[in-house]
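Notes for the one structure printed next.
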Amino acid sequence: MKILMPYFKRYRVDVWIAMLSVIALVFATLWQPRLLQVIMTAIINNDQDTVLREGVFLLGLAVLGIISGIINTIYSAKVALGVATDLRADLYAKVQSLAYADVEKFSPSNLVVRMTNDINQVQQIVMAGFQQITRIPLLFIGALLLAVITMPEQWWIIVVMMAVILIVALFAVRRMTKYFAETQQDIENVNTVARENLMGIRVVKSFVQETNEIKKFAKESDQLTAVTAKIGYWFAILMPAFFLTANVAVGASVYIVGQNITTHPAYLAAITSFISYLMQMFFAVINGGFLMTFASRAFISLGRINEVMDTEPSMSYVEGDEAPVHGAIQFDHVTFTYPGDDQPTLKDVTFTVQAGSMLGIVGATGSGKTTLAQLIARLYDPDSGQVLIGGIDVRDLPEKSLRATVAYVLQRSTLFSGTIAENLRQVKPDAKPQHMQWAANIAQSAEFIERLPQTYDAPVEERSQNFSGGQKQRLAITRGVIANPEILILDDATSALDARSEKLVQEALDRELRTTTTVVIAEKIASIIRADQILVLDNGQIAGVGTHRELLQTSPIYQAIYQTQKAREEGLHD
């Protein structure tokens, strides 16, 4: 609960109103049976004046209880909704502050569950808390005292009933708590399977894997159902056991009063009030038990939220302005290993790229090409060695300065729902139509954007499904170049383009971004053939450095890649 205290302070007025209203509600609830006893005694004694007077008081208490209950519900909901909204916003902001490696450690689907399902669990317990946490102990203690005052001889019935209920409740709660933890994990597993399936639906349908995916989802769903059913079984046992105990206690009270009515005629008026207090204690304990049960689930969710909130980003940035630095790149004996891997992905990599030049990177799949690019953009930090931009270690650059210097365009283009203009303004918030048109001409996206009825205000649907693969890549390149960065990384970013479009993009980049250092990662040698310098990576190490002509003479690996692609192209032409 420590994590929630700062949020409660933001709503202290609403918290106090909720608590005061529940106190008024408890008073009205407890005093009604007492007035009923007075009215019953007056009826037995044929005292009409007392019946009328106390009846008015009883009606007033009922109105007070109704009004207090409404106020308590309204303000409890305001506190719960406000706390959940603020906590969700802070959790989202925390996720944004984490390094790429930290997000990968939790996994995106895991974080989505924490920001949705887990927050909802906390919201429900906060709502229930301000309705019940103050009410339950006050109601129980008040009903206990008034029950003993009403019929002192029956105290042992209360003790026995409470003892049986508490023993059963504690036994059940201990068993159910572990199931709630399993439930949250199973919800996460179902979410992961569904997310992967829907995001990869083309692959699923291409390989006719619908049946297997249904089985996989059914397996996880059945696991969630089985755990939820176990919780349901315990509830099915608890409720009859609790009501049986309460009814036995009421029956015993009525029987004892019936046996002693001749010697204690006042019990005839008191028995109704005593039973009311007995049932109030019963429901207070029952509600307390349910609250503990739901609280145990909420505390698990709160722990999962707190785990993210307490995570210190694995990367930190120095303070400073957002001025970009010039685009010279230097790797100085860089070695890098992904978290959880035993072997380094890059091993003792050293090279230098002059500002304004073009660097091409080729190599087999898994050779470390993308990893190298991610180190330039500082998505990860190296295990040893230095990555320098403009002669400055990237770890010594302010985050805004680094982002203003480096633009990174991925092979898998990610566009956000909204409009084309909104996507472009993510990089350049003050982008005007002429800036967008300039960038679109470079990326060769202007030809289809300007055919759209709304041009740059055209909508981008979820997962940009209203654009083709080539259009998405060109829009991603547009977003990458619009701020005219000092360093532009194209990580196989033209793989979905035809040869003509790719050539036009390369020519436009050479013409319009002459001072920009361009890093091109490509599977096709044709994409980097004009590079000022080409790195050949093999198993995380540099296996060759030079121009296209030089590498054809000196690098067996580059020669093999070139000959393979050349033979493939000749085969296609044949």
Item checked: Area projected by the alpha carbon convex hull of the range 1-157, averaged over all directions, nm² -> 12.9 nm²
Checklist line | aspartates and glutamates with Cα under 17 Å of LYS2, excluding same-chain neighbours fewer than 8 positions away | finding: ASP86, ASP90, ASP118, GLU307, ASP310
Item checked: Alpha-carbon centroid distance for the pair the range 342-378 / the range 127-181, whole angstrom -> 65 Å
Next item on the list: Would you compute, for the Cα atoms of the range 2-309, the largest minus smallest coordinate along each principal axis and list the three values in descending order, in whole Å?
Entry: 86, 41, 30
Item checked: Selection from VAL148, ILE39, LEU91, by position along the positive dipole direction of the range 1-160 (Cβ) -> LEU91
Next item on the list: Would you order SER97, SER445, SER367 from fewest to most other beta-carbon atoms within 10 Å of each residue's own beta-carbon?
Entry: SER97, SER367, SER445
Next item on the list: Using just the helices of the chain, give the 222 nm mean residue ellipticity in deg cm²/dmol: DSSP H runs with n ≥ 4 each add -39,500 (n - 2.57), and the total is spread over all residues, rounded to 500.
Entry: -21000 deg cm²/dmol
Notebook entry, point to check: Expressed as a rounded percentage, what relative contact order does the chain have, with Cα pairs under 8 Å and six or more residues apart?
Noted result: 14 percent
Item checked: Coordinate range along principal axes, alpha carbons of the chain, Å, largest first -> 118, 46, 46
Check: Within straight cross-link reach of LYS432, meaning Cα distance under 22 Å, which lysines are found once same-chain residues fewer than 8 apart are removed?
Finding: LYS400, LYS472
Margin query: Longer than 20 Å from Cα to Cα, which of LYS347/LYS566; LYS205/LYS524; LYS178/LYS216; LYS178/LYS230 are they? Say none if no pair is.
Written below: LYS347/LYS566; LYS205/LYS524; LYS178/LYS216
Next item on the list: Over the range 2-309, calculate the relative contact order: mean separation of alpha carbon pairs under 8 Å at least 6 apart, over the residue count, as a percent.
Entry: 30 percent
Next item on the list: Please give every one of the lysines within straight-line cross-link reach of LYS105, meaning a C-alpha to C-alpha distance under 22 Å, and leave out same-chain neighbours fewer than 8 residues apart.
Entry: LYS94, LYS369
Next item on the list: Compute the Cα gyration tensor for the range 415-462, then decide on rounded, prolate or oblate, letting a ≥ b ≥ c be the square roots of its eigenvalues: rounded whenever a/c is under 1.5, prolate when a/b is larger than b/c in the other cases, and oblate in all that remain.
Entry: oblate
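None of the figures in this text is laboratory data; all of them are computed from the coordinates on show. What you see is a predicted model; the values in this text were computed from it and never measured. Every residue, glycine as well, gets a Cβ built from its backbone with ideal geometry; the counts of neighbours run over all protein chains shown.
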